[in-house]
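Let me begin by presenting the structure, written as C-alpha cells, before commenting on it.
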Amino acid sequence: MPDYSEDWHPGSFTKNFGWGKDGRGLAELHYAIRVGFGEAKSDVRRSDFRQRLEASGINFYIPANFFLFNYSNESGDWICFDELVFQAVFFDHSAHFDRLALFAFNLSLVGSWQGARQFQRRPALWSNRYIVERLAHAHRWEVSKVNADDIQTFVDGDDRYKAKTSRKLSTNLSFLYQIGGLRSMIADTIERWWMNASFLAADRLCRLRYARRLTVSSLREALDEFDFAPLAGGKNVEKSYALSRLLEMYVSVGGPARFERSVEAIRAGKTNDPRPYGLVDKKLPRAPKSLPAGVVNTMEWLDASYELLDHDELRDFDVDMFVREASIRALSNIRERGIKPTMSASDLMSLMRG
C-alpha cells in the first residue's frame, strides 16, 4: 500500500528546466528523452543519460528525477525504457505525449538510484495529492480553480510539505499543468494518452513489484491502490471496461518485457517492419494502442477482438473513418450472406408502439 503520510519535498523541481514558451507543450522533455537515449531502444545507464543531456545544455535532474524510471543493479544505475520513453523515441511530439508525461509526473513513481534519498522515490507527491485530494475531491474536477495561488494554499496548509518556501514550486507546477494539458485530461472520453497511461502505470507498478503478478487482477488491484483513475482524469463505465481490455493486452504482450521481446524479434528477422504498429479494440474503437514491433505473435485473441494497424495506418488513424468503414464492411457481409429483414418498417413501428 502507498504511504501518503510521507513528507513532501520540492527537490530540484524549482530549478529552471527551460520549458520554453507556452504553446510548445512538453516538447523540451520529449527532446531531452530522445537526446538521453540516443539510438538505444532499451535501458540506458543513468550516467550516459546525464552526460548526453549536459553536453546538449539540458537540465538533467527534471527529466531523470521526476518523469523517468530509475533502478540500480550490480552494474550501476539505469534509466528504464518504458512506455513514456517508447512514446518519445518512436513518435513525434504531440499533445498525447504531453498528457502522458504529465500523468507520469503526477503518478510520481520514479524508482531509485545510488545515493537517492527516500523521498526521491516519489518526488512529486505534492502534485499527486493535489490532483487526488484537491482537484478530484475538494474541487470536484473544476479545473478552472487550479492556479498557482490554489496550489500554494494547498501545500502551505498541509503538514506533509517540508520546505521553507512554496511560491516557486506553486508557479512552476501551475505552468506545468497549463502546458501539459491538465484541463484536457479531465474528460469522459478515452484518448491515446489515456491508453498509454494505463501501460505506463502498469510498467512502473510491475517494476516496483507493487503488482505482484503479471495478471489482470493483480495489475488492477495495484492501479486502484495508486489512484490510477483520478490521476488519469476520473472514472466511468467506459474507462473501466477499456482498462480491463488494455490490461488483458498488456499481459499478453509480456508486460514490461515487451520492449525486450521487440528487440529480439527485430534482430531475429521475425518482423518485416521494425516500426511500432497499432491495435484497435473493435468493441470500443475510441483510439488505437501503439505497441513495439514483433510482439503481436503472442496474442491468440487478436483476430476476434482487435484490428491491426500498420505504422502508417496508426499514424493516420481517424476513429470516425474507422467506424464508418467497419459498418460498411458489416453491411456488405450481411448482403453477401443473403440476410434480409423479415418485417416491414410499418410492422416494426407497430411492434414498438405495442
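The values are calculated or read from the model by the stated rules, or taken from the named source; none is laboratory data. None of the values given here were measured: they were computed from a predicted structure. Methodologically, a virtual Cβ is constructed for each residue, glycine included, from the backbone with ideal geometry; neighbour enumeration extends over all protein chains shown. SASA here: full protein model, heavy atoms, side chains in, ligands and nucleic acids out. Shrake-Rupley method; radii C 1.70, N 1.55, O 1.52, S 1.80 Å.
For the reader, a short list of remarks on this structure follows.
- Unmet criterion (only one of (1) farther than 13 Å from Phe199 by Cβ; (2) in contact with a Leu (Cβ under 6 Å, 6 or more places away or on another chain)) for Lys289: (1)
- Among the residues of segment 113-137, those that are over 24 Å from the mean Cα position of the chain (by Cα) and either of a type in the set (Val, Ile, Thr) or not in a helix (DSSP H, G or I) (or both) comprise Gln114, Gly115, Ala116, Arg117.
- Restricting attention to segment 138-157, the residues that are free of Cβ contacts under 8 Å to residues at least 60 places away in the same chain, part of a helix (DSSP H, G or I) and either open to solvent by less than 60 Å² (accessible area, probe 1.4 Å) or not β-branched (Val, Ile, Thr) (or both) add up to 11.
- Candidates Glu260, Glu264 - the one that is of a type in the set (D, E, K, R) and in contact (Cβ under 8 Å) with a residue 60 or more places away in the chain: Glu260
- Which listed residue is crowded, with 21+ Cβ neighbours inside 10 Å, under 22 Å from Leu109 (Cβ atoms) and in contact with a Leu (Cβ under 8 Å, 6 or more places away or on another chain), from Leu223, Leu208, Leu246: Leu223
- Residue in segment 199-210 that is within 24 Å of Glu307 (Cβ to Cβ), basic (Lys, Arg) and assigned to a helix (DSSP H, G or I) present: no
- Test for Ala197: is it free of Cβ contacts under 8 Å to residues at least 40 places away in the same chain, crowded, with 21+ Cβ neighbours inside 10 Å and under 30 Å from Asp48 (Cβ atoms): no
- In segment 226-243, of all residues being in a helix (DSSP H, G or I) and among the small types (Gly, Ala, Ser), the one that is least open to solvent (accessible area, probe 1.4 Å) corresponds to Ala242.
- Hits in segment 167-194 - residues which are of a type in the set (Gly, Ala, Ser) and either open to solvent by 30 Å² or more (accessible area, probe 1.4 Å) or in contact (Cβ under 8 Å) with a residue 40 or more places away in the chain (or both): Gly180, Gly181, Ser184, Ala187
- Residue count for segment 249-286, restricted to those that are assigned to a helix (DSSP H, G or I), among the hydrophobic types (A, V, I, L, M, F, W, C) and out of contact with any Leu (no Cβ under 8 Å at 6 or more places or on another chain): 5
Per-residue answers, yes or no, for (1) of a type in the set (S, T, N, Q); (2) over 18 Å from Gly181 (Cα atoms); (3) part of a helix (DSSP H, G or I); (4) touching a helix residue (DSSP H, G or I) at 6+ places or on another chain (Cβ under 9 Å):
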position: Trp19; (1), (2), (3), (4): no, no, no, yes
position: Gly36; (1), (2), (3), (4): no, yes, yes, yes
position: Ala40; (1), (2), (3), (4): no, yes, no, yes
position: Arg52; (1), (2), (3), (4): no, yes, yes, yes
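- Tabulated pairs, segment 63-74, first in a helix (DSSP H, G or I), second modelled with pLDDT under 95 and open to solvent by 50 Å² or more (accessible area, probe 1.4 Å), C-beta under 6 angstrom, 6+ apart or interchain: none
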